[in-house]
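Q: The structure under discussion is supplied below as C-alpha cells; questions concerning it will follow.
The values are calculated or read from the model by the stated rules, or taken from the named source; none is laboratory data. Computed from a prediction, not measured in an experiment: that's the story for all the values here. Cβ placement follows ideal geometry from the backbone for every residue including glycine, while neighbour counts extend to all protein chains displayed. All accessible areas refer to the heavy atoms of the entire protein, side chains included, with ligands and DNA or RNA removed. Shrake-Rupley method; radii C 1.70, N 1.55, O 1.52, S 1.80 Å.
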Amino acid sequence: MKNKEYSILILGNFASVYVVQFVKNLKKVNPAVHIFFWGYTQNMETLDKDYLSCYDEYYMFDINHKASSSVLEKVTAAIQLKYHFKKFALHRHFDYISIQYVRPELFFVLHDLKKHSSKLVLTPWGSDVYRINKYFKKLAQKIYDAADYVTGPDDRFTRDFTKIFNIPQQKIVHVDLGVEPIEYIIEHKNLIAADEAKRLLGVEGKYVITCGYKAMSGHRHVEMIEAIRQVKDRLPDNLVLFFPLTYPQDPAYVDLVRAKVNECVLNAVYFDHFLELPELFQLRQATDLFVHIQPTDASSGTLYEYILCEKKILNGAWLQYPEIEKEGVKPYFLVDSMETLGESIVRAYESDPIKIPKTVIEDLSKKQWKVVIKDWDNFLTEKKA
C-alpha cells in the first residue's frame, strides 16, 4: 500500500525522547510524511543525524517562558511567541499541528495555530494535566476548546484529562505514544537473567532496590532513603540502592541525594548519564524491588517496563492504573501513605512475587512503537482535510 502524503508541524520539546521517537517512527512507517518543528531552543548534542533528517525544517528560538517570570516578562514573552510563529509560518499551511505536551502559553498563538493548520491535535503527557495551576488551567482550557482532536490511550489518564478539561468524546482519539524499551525488553528478558544483569552492572550478589526514575524531588528520593534507613536492619545485609537520575540534568539535586545516602550509611549506585537501551534494560533486570511513590503520574512507561521484567514493585496507593489491574490482580504491592513507607518496603521484600496475568503482559507488548505508530499514521491519513 502506497503511503499517503500529509504535513505535520510538531510543537513540544525538540530533545524529548518521546518527540524523538515519535518523529523517527512516524517517518519510518510513512516516508511520505512532511514533518516540521517549532519551539524553544534545546541542547542538540544528544540528537543524532537520523532524527534531524526526518524533518523538512525545524525552527527554534529563545524567550523567557518560566512560570516564575514577572507580568512584564510574561507580556514580552507572549509578544515574542507570536513574532516567532508568524515568522516561521508565513505563507505556510499544515494539515496538522500536533502539540506534544499542552503548554498554557500557546494560548497566545492559538489564533495563528488555527489559521495555519487544517486540524489542531493535542497530546497531553501528564504533568501538563495534573500539575497545572488555576490561572494556567484557564489558558489551557481555551486550547482544548479550540482543538479538533485530543489523543490518548484508553486508560485512566485519558479519562482524567477528558473530565478535567470537559472534552467532548467525539474529539478523543485513542492513539498512544510508544515506550521504546518495551520492544528491547521483550527481545532480551529471557536472554539476560537478573544475576547476569547484576554482574554487568557490578552489583553481583546484591539485593537491589531502585528508587524512582527521575532527578526530581517529586520522586521523593530523600523520603525513600530515610524510610530505608529506619528499617535497614530488617532488609538484606547486601542491600544496594539504585538511583536513576539521568534526567532532567540537575547536579545540585543529585548531590543532595548522594549526601542523604552518605548520612544514612547506605550503599548506592547512581545513574546520572544517558542510558542506551542495553544498560537501561540491565538496570530494570537487575532490580529486585522498584519503589514508585511520586505524588502524581500519568501512564508510566517505566512502571510498564518493570512489570514486563516481572519485578517486585511498591506503588503508591494514590497512583491508580486500572488498565493493568486484570483478573483481580494488582501487579504491584501498595503503600498507603508516606508514613508507612518503611514498613511497606519490608513487607514487599518479605512477600512472594506477584504472578502477573498473561493478559497484562500481552497488553503492555502492544505499547511498542512499531505497533502504536501505525495507529497514528492511520489516524493522520484518514482525518486529513
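Q: Name the pairs: first residue in region 1-20 and part of a helix (DSSP H, G or I), second residue open to solvent by 20 Å² or more (accessible area, probe 1.4 Å) and not charged (D, E, K, R), Cβ to Cβ under 8 Å, at least 6 apart or on different chains?
A: Filtered contacts from region 1-20: TYR18/TRP125; TYR18/LEU177; VAL19/ASN13; VAL20/LEU47.
Q: Give me the residue from region 369-385 that is among the hydrophobic types (A, V, I, L, M, F, W, C) and in contact with a Lys or Arg (Cβ under 8 Å, 6 or more places away or on another chain) and, out of that set, surrounded by the fewest Cβ atoms within 10 Å (Cβ to Cβ).
A: Applying the filter and picking the extreme gives ALA385.
Q: Oh, and also: In this structure, does VAL261 turn out to be of a type in the set (Val, Ile, Thr), more than 22 Å from the chain's Cα centre (by Cα) and open to solvent by less than 10 Å² (accessible area, probe 1.4 Å)?
A: Against the criterion (of a type in the set (Val, Ile, Thr), more than 22 Å from the chain's Cα centre (by Cα) and open to solvent by less than 10 Å² (accessible area, probe 1.4 Å)), VAL261 qualifies.
Q: Which ones in region 283-295 are modelled with pLDDT of 95 or more and either in contact with a His (Cβ under 7 Å, 6 or more places away or on another chain) or open to solvent by 30 Å² or more (accessible area, probe 1.4 Å) (or both)?
A: If the condition is that a residue be modelled with pLDDT of 95 or more and either in contact with a His (Cβ under 7 Å, 6 or more places away or on another chain) or open to solvent by 30 Å² or more (accessible area, probe 1.4 Å) (or both), then ASP288 is the only one that fits.
Q: Still on this structure, I have one more. Give the number of residues within region 218-258 that are without any contact (Cβ under 8 Å) to a residue 24 or more places away in the chain, outside any helix (DSSP H, G or I) and surrounded by 13 or more Cβ atoms within 10 Å (Cβ to Cβ).
A: Residues in region 218-258 being without any contact (Cβ under 8 Å) to a residue 24 or more places away in the chain, outside any helix (DSSP H, G or I) and surrounded by 13 or more Cβ atoms within 10 Å (Cβ to Cβ): 0 in total.
Q: Taking helices (runs of 4 or more DSSP H) that do not extend beyond region 274-385, which have at least 1 residues that are among the basic types (Lys, Arg) and out of contact with any strand residue (DSSP E or B) (no Cβ under 6 Å at 6 or more places or on another chain)?
A: 277-286, 341-350, 358-365, 369-382
Q: Name the residues in region 119-137 that are at pLDDT 95 or above and charged (D, E, K, R), would you?
A: LYS119
Q: What number of residues within region 23-47 are open to solvent by less than 20 Å² (accessible area, probe 1.4 Å) and closer than 25 Å to LYS87 by Cβ?
A: Result for region 23-47: 6.
Q: Quick one: which helices (runs of 4 or more DSSP H) lie wholly within region 65-183 and hold at least 3 residues that are touching a residue at least 60 places away in the same chain (Cβ under 8 Å) and either hydrophobic (A, V, I, L, M, F, W, C) or open to solvent by 40 Å² or more (accessible area, probe 1.4 Å) (or both)?
A: The qualifying helices (runs of 4 or more DSSP H) are 127-130.
Q: Only one of ALA259, ALA215 is in contact with a strand residue (DSSP E or B) (Cβ under 9 Å, 6 or more places away or on another chain) and of a type outside the set (Val, Ile, Thr); which?
A: ALA215
Q: Can you confirm whether region 303-326 contains a residue that is over 21 Å from THR246 (Cβ atoms), without any contact (Cβ under 8 Å) to a residue 24 or more places away in the chain, of a type in the set (S, T, N, Q) and surrounded by fewer than 21 Cβ atoms within 10 Å (Cβ to Cβ)?
A: no
Q: Could you list, in sequence order, the residues of region 264-273 that are in a strand (DSSP E or B) and either buried (at least 17 other Cβ atoms within 10 Å of the Cβ) or at pLDDT below 95 (or both)?
A: If the condition is that a residue be in a strand (DSSP E or B) and either buried (at least 17 other Cβ atoms within 10 Å of the Cβ) or at pLDDT below 95 (or both), then ALA268, VAL269, PHE271 are the ones that fit.
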